[in-house]
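Have a look at the structure below before the remarks.
The values are calculated or read from the model by the stated rules, or taken from the named source; none is laboratory data. These figures come from a predicted structure and were not determined experimentally. So basically every Cβ, Gly included, is an ideal-geometry build from the backbone, and we count neighbours across all protein chains shown.
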There are 2 protein chains.
Amino acid sequence: MSDDISSIIDTLWTVLPRGGGRTIGLHEPEFGATERAYLLDCIDSTFVSSVGKYVDRFEQMLCDFTGAKRAVAVMNGTAALHIALQVAGVKTGDEVLVPDLTFIASANAVSYCGATPHFVDSNASTLGLDPEKVDRWLGETASVVDGVCRNKKTGARIAAVVPMHTFGHPVDLDALIDVAARWKLPIVEDAAESLGSYYKGKHTGRLGVMGVLSFNGNKTITTGGGGAVITDDVKLADRLKHLTTTAKVKHAWDFIHDEVGYNYRMPNLNAALGCAQMEKLPEFLAEKRALAAKYRAVFAGHPVAAFVDEPANSHSNFWLNVLLLRADKADLLPALLERTNAAGIGTRPVWTLMHKLPMYAHCPRMDVSTSEDLAHRLINVPSSAHLGRAHAA
Amino acid sequence: MSDDISSIIDTLWTVLPRGGGRTIGLHEPEFGATERAYLLDCIDSTFVSSVGKYVDRFEQMLCDFTGAKRAVAVMNGTAALHIALQVAGVKTGDEVLVPDLTFIASANAVSYCGATPHFVDSNASTLGLDPEKVDRWLGETASVVDGVCRNKKTGARIAAVVPMHTFGHPVDLDALIDVAARWKLPIVEDAAESLGSYYKGKHTGRLGVMGVLSFNGNKTITTGGGGAVITDDVKLADRLKHLTTTAKVKHAWDFIHDEVGYNYRMPNLNAALGCAQMEKLPEFLAEKRALAAKYRAVFAGHPVAAFVDEPANSHSNFWLNVLLLRADKADLLPALLERTNAAGIGTRPVWTLMHKLPMYAHCPRMDVSTSEDLAHRLINVPSSAHLGRAHAA
């Protein structure tokens, strides 16, 4: 066991730069002259809050980059997912299909709508929602009556499906689109981890009715805190903008709000940082791809740990590179986490499965044995763009 | 009528600097070398997101300034109010007493808890919730059984009362504390507008179980978007911190969340701006007080418009200075708004009363005739700190 762990750590060191004495973070942001210039310009303009040119510009840059018709910037990915679900029609009492293997925001956003997450299993190749298994599960559990998908056991409407592109790897979207169409479920893509990831040439988040992005500090680009919803549906975009700006009706001074809205708009200060980061995004993605190639190369044929590569038909941003322990070596994980972090290599396991958290333990779920298996064997390894830079070790 | 409006505008020009050609904003933020330095330092640290020294420092500065034991910084005042209500015990189906004359966030935060706002009237002197009227109204409407206040008509529990310190003027807190104690209602102070306002020497937000602050772009100080909850109750503060950080249990790498939490934490980037602004707060407050003194002086004895001064027992931050039209001159308001804004003097009316908005029209409410009257007669006038500076006109 000790030899297995040493072998993994030694292999990691062939990719990672030794020395410096500080821990190599899992994903570190990087800022330069442009970030400084835009932040100072923002301050000089005095427009740091909910109005300002950087928000508009950041949204336009997101559209230009992803190809989406509209982008609505908000304060973080959780807020983006909450508002996207609401605009997709999720209501109190509904259920929403969410992967069991995901970050807590996926389930919480459903809860904020007064709805219940209904957990589904992952696919071992994509790490994300498995369309075939979901289809079979719905066949056992649900029925479509008058165009409405309903859980036959709970009686609740199943209102949407939320695939999450785990660590940047796209789920099998063609298959999911087919399943969702048959079960009359709108797809809201949780692309919080997959800015710069494509499925058959189309940016993730653009294959569902809406897609959600995140610009948290550990993401491929960051705005401090930030998120966005992208969509090709202009009417939905207008709804998103309205709901995220307190549902205020435009007027020079009157305060008319026509529904319960949210104060979710991204501040101009954060958008200024985002604009500078967007300019760097192509470079970051190339570097992250180069880093992934190094991991792929050094772990090829490794006896214990395999590099989890991008799935078929997809181009991943390799947000967080991830290794999969051999099935009979899953018990190495706790010690591997301990020893890598002690050695100054920032690693982490995947999230605790949603159904294992106390507040979601009683939610409906299918057999999630693939997620269970993956959760015991996956480990994220350092993935900052600069680690893939030409001059890096 | 035209003469009345001209007289008000002429009087405003005796306080405000003429020239420049641009509109004098209602409340403009001001940044200098310290804001620039802290933002650049934050960028250089690479800690721009949910972890970083500026968040801790900003929270400590808020404690030092207000005297509160704890402050929990979040992404805006709306989020702060939502989480404070939740921690105060507001649950789905409850009612919460909220002024009818307030910003939309007061009512929306109640809605986010699944509760219903129950609108109460304002006092003509404080512009905020009127404790005596609320007491009478509860006498007609509510009863306390086994320590629980219940609306006899709707059957709902009345779970809290949320006074809002309108434009910085504190409500009559001693009277409210007495009423709230008799009706077993926790007080959550909406001090979003009253950073630097005191009631009998104690900072607003510290007389209830929790107080909510806002640092939106138009507030006395700004973090771009930002808010905080202050409290002297360490246990409540721990709950606030836990719930605003996705209810994640501390661990170096494991993801355990023990309840439905929120991603509400203030990013370090925004806190960096906040730290710089806090250093300027005493100066801003002195300047705003000087500006208020000018308005008070020039509108003393004005035949049509009266300056609304700070209430008894209180020291206001004069966040937004406000004029009250003579009762028989209320019909001047629309034209006064048009003409002042056309003349380059930023003004606005108070908010549309909550019960007049479609989503809150059917909520329980008492007679709100004072609010109705005030809403037709109040007008905010330019209130930026720099307008009170010694060298200003």
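Test A:T223 against the stated conditions and say whether it is crowded, with 24+ Cβ neighbours inside 10 Å, touching a Leu at 6+ places or on another chain (Cβ under 6 Å) and not aliphatic (A, V, I, L, M).
yes
Here's the yes/no breakdown for (1) away from chain A (no Cβ under 14 Å); (2) touching a Phe, Trp or Tyr at 6+ places or on another chain (Cβ under 8 Å); (3) acidic (D, E); (4) surrounded by fewer than 18 Cβ atoms within 10 Å (Cβ to Cβ):
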{"position": "B:A290", "(1), (2), (3), (4)": "yes, no, no, yes"}
{"position": "B:H302", "(1), (2), (3), (4)": "yes, no, no, yes"}
{"position": "B:S314", "(1), (2), (3), (4)": "yes, yes, no, no"}
{"position": "B:R348", "(1), (2), (3), (4)": "no, yes, no, no"}
{"position": "B:W351", "(1), (2), (3), (4)": "no, yes, no, no"}
{"position": "B:H355", "(1), (2), (3), (4)": "no, yes, no, no"}
{"position": "B:P358", "(1), (2), (3), (4)": "no, no, no, yes"}
{"position": "B:C363", "(1), (2), (3), (4)": "no, yes, no, no"}
{"position": "B:E372", "(1), (2), (3), (4)": "yes, no, yes, yes"}
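Scan region A:97-118 and report the pairs whose first residue is under 19 Å from A:V350 (Cβ atoms) and whose second residue is acidic (D, E) and at pLDDT 95 or above, with Cβ atoms within less than 6 Å and a gap of 6+ or a chain change.
That search, which allows pairs on different chains as well, returns A:S106/A:D190.
Does A:R289 count as over 30 Å from A:G21 (Cβ atoms) and either in the same structural domain as A:T220 (by TED's automatic domain parsing) or of a type in the set (K, R) (or both)?
So A:R289 does not fit the description; no.
Would you point out which residue out of B:L269, B:L240 is closer than 30 Å to A:K356 by Cβ and buried (at least 24 other Cβ atoms within 10 Å of the Cβ)?
B:L240
Looking at region B:135-158 only, could you name the residues that are farther than 14 Å from B:E95 by Cα and buried (at least 16 other Cβ atoms within 10 Å of the Cβ)?
If the condition is that a residue be farther than 14 Å from B:E95 by Cα and buried (at least 16 other Cβ atoms within 10 Å of the Cβ), then B:D135, B:W137 are the ones that fit.
List the residue pairs whose Cβ atoms are under 9 Å apart, where the first residue sits in region A:328-342 and is more than 14 Å from chain B (Cβ to nearest Cβ), the second is part of a helix (DSSP H, G or I), and the two are 6 or more positions apart or on different chains.
A:K329/A:D4; A:A330/A:D373; A:L332/A:D4; A:L332/A:I5; A:L332/A:I8
Among the residues of region B:259-276, which ones are assigned to a helix (DSSP H, G or I) and either of a type in the set (A, V, I, L, M) or out of contact with any helix residue (DSSP H, G or I) (no Cβ under 7 Å at 6 or more places or on another chain) (or both)?
Residues of region B:259-276 assigned to a helix (DSSP H, G or I): B:268-276.
Once the filter is applied, which keeps residues that are assigned to a helix (DSSP H, G or I) and either of a type in the set (A, V, I, L, M) or out of contact with any helix residue (DSSP H, G or I) (no Cβ under 7 Å at 6 or more places or on another chain) (or both), region B:259-276 yields B:L269, B:A271, B:A272, B:L273, B:A276.
How many residues does region A:289-320 hold that are part of a strand (DSSP E or B) and farther than 28 Å from A:L332 by Cα?
Of the residues in that region, 2 qualify.
Can you name every residue in region A:374-388 that is within 17 Å of A:L26 (Cβ to Cβ) and either more than 11 Å from every other protein chain (Cβ to nearest Cβ) or not small (G, A, S) (or both)? I'd like the intermediate steps shown before the answer.
The initial filter retains those residues of region A:374-388 that are within 17 Å of A:L26 (Cβ to Cβ), namely A:378-388.
Those that are within 17 Å of A:L26 (Cβ to Cβ) and either more than 11 Å from every other protein chain (Cβ to nearest Cβ) or not small (G, A, S) (or both): A:L378, A:I379, A:N380, A:V381, A:P382, A:S383, A:A385, A:H386, A:L387, A:G388.
Can you tell which of A:L207, A:L195 is buried (at least 24 other Cβ atoms within 10 Å of the Cβ) and among the aliphatic types (A, V, I, L, M)?
The conditions single out A:L195.
Return the only residue of B:L39, B:L62, B:L16 being more than 30 Å from B:N321 (Cα to Cα), out of contact with any Ser or Thr (no Cβ under 9 Å at 6 or more places or on another chain) and surrounded by 15 or more Cβ atoms within 10 Å (Cβ to Cβ).
Only one candidate qualifies: B:L39.
Taking the condition of being touching a strand residue (DSSP E or B) at 6+ places or on another chain (Cβ under 8 Å) and within 23 Å of A:G224 (Cα to Cα), how many residues in region A:69-107 meet it?
20
Considering only residues that are farther than 22 Å from B:F58 by Cα, touching a Pro at 6+ places or on another chain (Cβ under 9 Å) and not β-branched (V, I, T), which ones fall in region B:183-199?
B:Y199
Which numbered condition in (1) of a type in the set (A, V, I, L, M, F, W, C); (2) within 11 Å of another protein chain (Cβ to nearest Cβ); (3) in contact with a Ser or Thr (Cβ under 7 Å, 6 or more places away or on another chain) is the only one that A:V249 fails?
(3)
List the pairs whose first member sits in region A:297-308 and is without any contact (Cβ under 8 Å) to a residue 60 or more places away in the chain, whose second member is aliphatic (A, V, I, L, M) and part of a loop (DSSP other than H, G, I, E, B), and whose Cβ atoms are under 9 Å apart, counting only residues at least 6 apart or on separate chains?
A:A297/A:V15; A:A306/A:A300; A:F307/A:A300
If you check A:G205, A:G217, which single one turns out to be assigned to a loop (DSSP other than H, G, I, E, B), on the phi > 0 side of the Ramachandran plot and in contact with a helix residue (DSSP H, G or I) (Cβ under 9 Å, 6 or more places away or on another chain)?
On the way: A:G217 fails: on the phi > 0 side of the Ramachandran plot.
None of the other options fit; the residue is A:G205.
Got a number for residues in region A:216-244 being away from chain B (no Cβ under 11 Å) and polar (S, T, N, Q)?
Counting residues in region A:216-244 that are away from chain B (no Cβ under 11 Å) and polar (S, T, N, Q) gives 3.
Please report, ordered by residue number, the helices (runs of 4 or more DSSP H) entirely within region A:1-97 with at least 2 residues that are closer than 30 Å to B:A271 by Cβ and within 14 Å of another protein chain (Cβ to nearest Cβ).
Output list reads A:33-45, A:53-66, A:77-87.
Scan region B:247-258 residue by residue and report those that are touching a helix residue (DSSP H, G or I) at 6+ places or on another chain (Cβ under 7 Å) and either at positive phi or touching a residue at least 40 places away in the same chain (Cβ under 8 Å) (or both).
none
Being outside any loop (DSSP other than H, G, I, E, B), of a type in the set (G, A, S) and buried (at least 21 other Cβ atoms within 10 Å of the Cβ): is that true of A:A286 here? Spell out the reasoning first.
Working: outside any loop (DSSP other than H, G, I, E, B): yes; of a type in the set (G, A, S): yes; buried (at least 21 other Cβ atoms within 10 Å of the Cβ): no.
Judged against the criteria, A:A286 is not a match.
Report, by residue number, each residue of region A:280-328 that is within 20 Å of B:D254 (Cβ to Cβ) and not hydrophobic (A, V, I, L, M, F, W, C).
The one that is within 20 Å of B:D254 (Cβ to Cβ) and not hydrophobic (A, V, I, L, M, F, W, C): A:N321.
Could you grab me the full set of residues in region A:108-118 that are farther than 15 Å from A:V188 by Cα and not small (G, A, S)?
Hits for region A:108-118 are A:Y112, A:T116.
Scanning for something closer than 15 Å to A:L81 by Cα, among the hydroxyl-bearing types (S, T, Y), in the same structural domain as A:G52 (by TED's automatic domain parsing) and in a helix (DSSP H, G or I), does region A:231-239 turn up at least one residue?
Checked region A:231-239: no residue is closer than 15 Å to A:L81 by Cα, among the hydroxyl-bearing types (S, T, Y), in the same structural domain as A:G52 (by TED's automatic domain parsing) and in a helix (DSSP H, G or I).
Looking only at region B:258-270, count how many residues are under 17 Å from A:R265 (Cα atoms) and either among the hydrophobic types (A, V, I, L, M, F, W, C) or at the interface with another protein chain (Cβ under 7 Å from one of its Cβ atoms) (or both). Quick ask: steps written out before the conclusion?
Within region B:258-270, the first condition is being under 17 Å from A:R265 (Cα atoms), and the residues that meet it are B:262-267, B:269-270.
Keeping just the survivors that are either among the hydrophobic types (A, V, I, L, M, F, W, C) or at the interface with another protein chain (Cβ under 7 Å from one of its Cβ atoms) (or both) gives B:263, B:266-267, B:269-270.
Within region B:258-270, residues that are under 17 Å from A:R265 (Cα atoms) and either among the hydrophobic types (A, V, I, L, M, F, W, C) or at the interface with another protein chain (Cβ under 7 Å from one of its Cβ atoms) (or both) number 5.
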